[in-house]
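Below: the structure, in structure tokens.
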């Protein structure tokens with residue numbers, strides 16, 4: 001069996017050696033079992049691929065030759081070839097040669113070979129090819145219209161999918177090549193070639209055709225992409241082009257094979273990873289992907305053609321980024337390597353990631369990279385790009401980095417990623433600008449050296465960078481306690497940032513998870529029993545407290561941000577942690593009961609007392625509260641039902657305790673309607689006003705001491721007055 005390098009014209013004029021026997025190709029017949037010609041289908045994806053394909057053929061005619069990969073099939077004793085692979089390309093070339101012959105008035109004797117190409121799928125497709133060869137169009141109007149107008153063209157042929165696709169392709173060829181001269185000469189001189197593999201007496205069966213043709217989509221752009229990549233690489237360096245294409249066909253395909261989809265090919269997976277590499281190249285050169293084309297052909301032209309001054313470095317990156325995975329084999333396959341280093345739970349030697357993300361980040365990349373969700377977000381987000389980059393950075397340097405060092409360094413990177421949500425951005429329009437170039441530099445430095453590079457500006461979260469730098473030294477000095485620290489880092493409420501606890505008292509590392517294994521509502525109330533642990537957000541009126549069921553509320557409190565009061569939260573938390581080596585619901589309930597009993601015994605009812613005593617103050621939403629002036633008006637606050645905005649479901653808790661269903665949604669729950677009047681709660685009284693004039697009707701004062709603290713339970717007093 002031999003492989004030859006030929007053009008469409010050559011294959012009909014040259015003899016082939018097959019198993020030491022010379023075979024002359026007399027005809028190509030597309031068999032009945034083959035699928036219809038598909039390159040002329042009308043849909044968005046096929047339109048785009050067809051345009052790309054024709055553009056590559058056009059470029060081959062006017063400038064640089066192109067090779068269209070393998071065409072092969074069975075050749076019988078009569079010299080008739082039945083294609084097994086290459087039907088779509090052969091049909092396109094047949095139509096292009098027909099167009100060139102007719103457009104340039106080529107002598108019929110020079111294109112007689114076109115009659116040796118035929119479709120056996122339907123008699124209509126076979127007859128169409130036969131009539132088309134004899135037809136001489138005027139080319140003064142759209143080709144398909146001129147062909148359909150011919151007497152030999154029955155109208156029902158329009159329903160034949162192969163014929164209709166050929167008509168569409170002919171129109172596209174006419175548009176693409178209308179102003180191009182010398183097409184035929186270029187075709188004769190091998191402007192467009194392919195690897196031709198004739199297989200003698202292979203004995204093809206219908207079953208084999210069905211199997212071969214069920215392997216992929218009706219039309220894939222991957223072969224066109226690979227041909228264009230090869231053409232661009234050949235312009236730069238012939239040996240490099242051969243090496244890369246060989247790796248695509250062998251090593252890289254073998255590596256990607258385990259990640260293939262239901263189509264049983266790796267085309268999409270290759271192209272998704274290719275796009276990831278292009279984006280990394282973009283970031284490494286200080287650029288942003290915002291506003292750039294996501295089309296693989298545009299990316300190919302931008303990064304892997306002679307127009308890019310860094311093309312050699314880019315080719316090296318492409319090769320290294322594929323090789324680093326393909327060289328993992330045996331007991332160290334990409335899957336096993338990632339499973340050894342990443343988990344959804346805390347495990348020694350591994351980083352912990354959220355369950356919404358796949359552990360096999362490489363598989364996730366080749367399956368989803370570039371996809372967009374319904375609300376416009378990336379399926380494979382920027383934080384995943386940074387993490388995958390960190391893994392690849394190790395693979396590229398694994399000869400100089402031990403596995404244990406990589407495990408520690410990947411943890412540092414993961415901690416930084418989890419705490420840099422606002423910083424990880426490639427948008428030039430955000431306040432901090434495009435940080436991805438600097439972020440990748442920092443990640444690379446950490447993986448290679450195990451240290452934070454302070455010279456890199458505006459990269460990951462500053463607070464977390466400072467914490468990680470401190471922890472690097474601490475772990476070096478306390479190796480026996482490192483695993484306890486890592487387990488604390490992996491707590492769902494901390495996600496790598498342990499500043500809320502600190503490194504001073506290592507026995508608290510175990511106490512924190514014990515505390516939060518209790519009911520969160522009891523933790524909330526126990527903390528509030530010790531002091532106001534809440535934080536004021538930078539807008540000045542919204543406050544963050546804990547929640548009985550919302551994890552994000554606690555994460556907001558335990559992760560240092562622009563909120564005011566982080567140190568106070570830390571002091572209250574550490575005070576609670578000092579109560580015991582381990583915690584239970586009973587222990588927390590005792591702390592809470594002691595606080596409530598003391599308040600009631602001393603007749604001192606701070607706002608914290610009401611917060612703890614009455615469940616309606618703690619609905620379990622986002623832990624958000626609206627407070628105008630907590631210092632001077634501590635009792636004038638509202639419970640929010642949303643994360644950031646006042647809504648109709650916001651309510652003043654002192655009013656809701658007595659009026660429940662009478663709160664006015666139009667006034668954001670700040671007043672209760674009672675007939676023609678409404679009631680509001682101010683810092684030291686309940687005030688009744690008329691709805692029409694806002695005139696004060698009645699005022700029920702709340703007794704308070706010199707510190708402005710209630711000396712009577714205002715909720716019980718109002719319920720008593722209302723007879724409830």
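The values are calculated or read from the model by the stated rules, or taken from the named source; none is laboratory data. On a predicted model such as this, the values are computed, not experimentally measured, just so you know. We place every Cβ from the backbone using ideal geometry, glycine too, and count neighbours over all the protein chains shown.
Can you name the helices (runs of 4 or more DSSP H) wholly within segment 272-376 that have at least 3 residues being under 30 Å from residue 491 (Cα atoms)? Show your work before the answer.
On the way: elements: 296-303, 311-326, 334-341, 361-368.
Qualifying helices (runs of 4 or more DSSP H): 334-341, 361-368.
When 680, 687 are screened for being more than 53 Å from the chain's Cα centre (by Cα), at pLDDT 95 or above, closer than 19 Å to residue 628 by Cβ and crowded, with 16+ Cβ neighbours inside 10 Å, only 687 passes. For segment 703-723, a residue qualifies if it is within 17 Å of residue 656 (Cβ to Cβ), touching a residue at least 24 places away in the same chain (Cβ under 8 Å) and within 56 Å of the chain's Cα centre (by Cα), and the qualifying residues are 713, 714, 715, 718, 719. In segment 625-650, of all residues being in contact with a helix residue (DSSP H, G or I) (Cβ under 8 Å, 6 or more places away or on another chain) and not in a loop (DSSP other than H, G, I, E, B), the one that is nearest to residue 551 (Cα to Cα) corresponds to 639.
What tally of residues in segment 551-567 results from selecting those that are in contact with a strand residue (DSSP E or B) (Cβ under 9 Å, 6 or more places away or on another chain) and not in a loop (DSSP other than H, G, I, E, B)? Within segment 551-567, residues that are in contact with a strand residue (DSSP E or B) (Cβ under 9 Å, 6 or more places away or on another chain) and not in a loop (DSSP other than H, G, I, E, B) number 5.
Rundown of residues vs (1) at pLDDT 80 or above; (2) surrounded by 15 or more Cβ atoms within 10 Å (Cβ to Cβ), yes/no style:
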{"site": "24", "(1), (2)": "no, no"}
{"site": "34", "(1), (2)": "no, yes"}
{"site": "39", "(1), (2)": "no, yes"}
{"site": "48", "(1), (2)": "no, no"}
{"site": "61", "(1), (2)": "yes, yes"}
{"site": "69", "(1), (2)": "no, yes"}
{"site": "83", "(1), (2)": "no, yes"}
{"site": "92", "(1), (2)": "yes, yes"}
{"site": "96", "(1), (2)": "yes, yes"}
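Residues in segment 617-642 that are surrounded by fewer than 15 Cβ atoms within 10 Å (Cβ to Cβ) and over 18 Å from residue 685 (Cα atoms): 642 only. Mind checking which helices (runs of 4 or more DSSP H) fall wholly inside segment 481-550 and carry at least 1 residues that are under 36 Å from the mean Cα position of the chain (by Cα) and within 16 Å of residue 591 (Cα to Cα)? Where helices (runs of 4 or more DSSP H) fall fully within segment 481-550 and carry at least 1 residues being under 36 Å from the mean Cα position of the chain (by Cα) and within 16 Å of residue 591 (Cα to Cα), they are 508-515, 520-530.
If I ask for residues that are under 14 Å from residue 28 (Cα atoms) and touching a helix residue (DSSP H, G or I) at 6+ places or on another chain (Cβ under 6 Å), which ones from segment 99-119 would you list? Break it down into steps so the answer makes sense when it comes.
First, pick out the residues of segment 99-119 that are under 14 Å from residue 28 (Cα atoms): 112-119.
Of everything in segment 99-119, those that are under 14 Å from residue 28 (Cα atoms) and touching a helix residue (DSSP H, G or I) at 6+ places or on another chain (Cβ under 6 Å) turn out to be 113, 114, 115, 116, 117, 118, 119.
Just so you know, in segment 583-616 the residues that are surrounded by fewer than 18 Cβ atoms within 10 Å (Cβ to Cβ) and not in a helix (DSSP H, G or I) include one that is nearest to the chain's Cα centre (by Cα), and it is 584. Test residue 243 against the stated conditions and say whether it is within 27 Å of residue 195 (Cα to Cα) and surrounded by fewer than 17 Cβ atoms within 10 Å (Cβ to Cβ). In short, yes. Please specify each residue of segment 657-677 satisfying the condition of being buried (at least 16 other Cβ atoms within 10 Å of the Cβ), closer than 21 Å to residue 723 by Cβ and touching a strand residue (DSSP E or B) at 6+ places or on another chain (Cβ under 6 Å). The answer is 659, 663, 671, 672, 677.
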